[in-house]
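The values are calculated or read from the model by the stated rules, or taken from the named source; none is laboratory data. Computed from a predicted structure; not experimentally measured. So basically every Cβ, Gly included, is an ideal-geometry build from the backbone, and we count neighbours across all protein chains shown. Each accessible area value is taken on the protein alone, full model and side chains, heavy atoms only, with ligands, DNA and RNA left out. Shrake-Rupley method; radii C 1.70, N 1.55, O 1.52, S 1.80 Å.
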Amino acid sequence: MELIVKAAAIALIACVCVLIIKNSNPGGAYLLAVCSSVILMLGAALLLSEIGDFINALISRSGLSPAIFLPIIKCTSIGIIVSIVSGLCKDAGQSSASFAIEYLGAACAVYTALPLIATMLNTLEELL
């Protein structure tokens, strides 16, 4: 709870500062937005080791191959990265770059999920 309150404060302060300097220094405003986003992502990174430990425990309890879960984790990561980068591109007024990263992200997610889809099809073939 404490982390999200600090992160929200950082985000709000950064937004106000960006609004104040946007007209006089658009490049600096964008750089401030990017830097604040990086700081907020570092806050999320603090939690990733605990989340990873929890996911590893779930995988080991399930008795299933870890290879089944890896594409899911990768697709989730792709979605998070694409969402952040797309938002930054939109903030910079680059809607075409935003669309391009979203399109590429969707293709990467599907490509990453192909081994999982193949495993699912093989399992279905064995059942039939």
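Laid out as a table, the results:
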| read-out | value |
| --- | --- |
| Hey, Ile13 surrounded by 11 or more Cβ atoms within 10 Å (Cβ to Cβ) and over 18 Å from the mean Cα position of the chain (by Cα) or not | yes |
| Set Ala67, Ala97, Ala92: member being at pLDDT 90 or above and not basic (Lys, Arg) | Ala97 |
| Residue list for segment 77-128, restricted to those being closer than 22 Å to Pro66 by Cβ, among the polar types (S, T, N, Q) and under 20 Å from the mean Cα position of the chain (by Cα) | Ser77, Thr112 |
| Test: residue in segment 44-52 that is assigned to a loop (DSSP other than H, G, I, E, B), open to solvent by 50 Å² or more (accessible area, probe 1.4 Å) and at pLDDT below 90 | no |
| Only one of Ser65, Ser86 that is in contact with a helix residue (DSSP H, G or I) (Cβ under 7 Å, 6 or more places away or on another chain) and of a type in the set (Ser, Thr, Tyr) | Ser86 |
| Check on Glu102, surrounded by 13 or more Cβ atoms within 10 Å (Cβ to Cβ), of a type in the set (D, E, K, R) and over 26 Å from Lys6 (Cα atoms) | yes |
| Scan of segment 53-75 for residues that are part of a helix (DSSP H, G or I) and open to solvent by 80 Å² or more (accessible area, probe 1.4 Å), ordered by number | Asp53, Phe54, Asn56, Leu58, Ser60, Arg61, Pro66, Leu70, Ile72, Lys74 |
| Failed item in (1) in a loop (DSSP other than H, G, I, E, B); (2) among the hydrophobic types (A, V, I, L, M, F, W, C); (3) modelled with pLDDT of 85 or more, with Leu124 passing the rest | (1) |
| Ala92 aliphatic (A, V, I, L, M), open to solvent by less than 50 Å² (accessible area, probe 1.4 Å) and free of Cβ contacts under 8 Å to residues at least 24 places away in the same chain | no |
| Residue in segment 41-57 that is farthest from Ser83 (Cα to Cα), counting only those that are in contact with a helix residue (DSSP H, G or I) (Cβ under 8 Å, 6 or more places away or on another chain) and of a type in the set (A, V, I, L, M, F, W, C) | Ile55 |
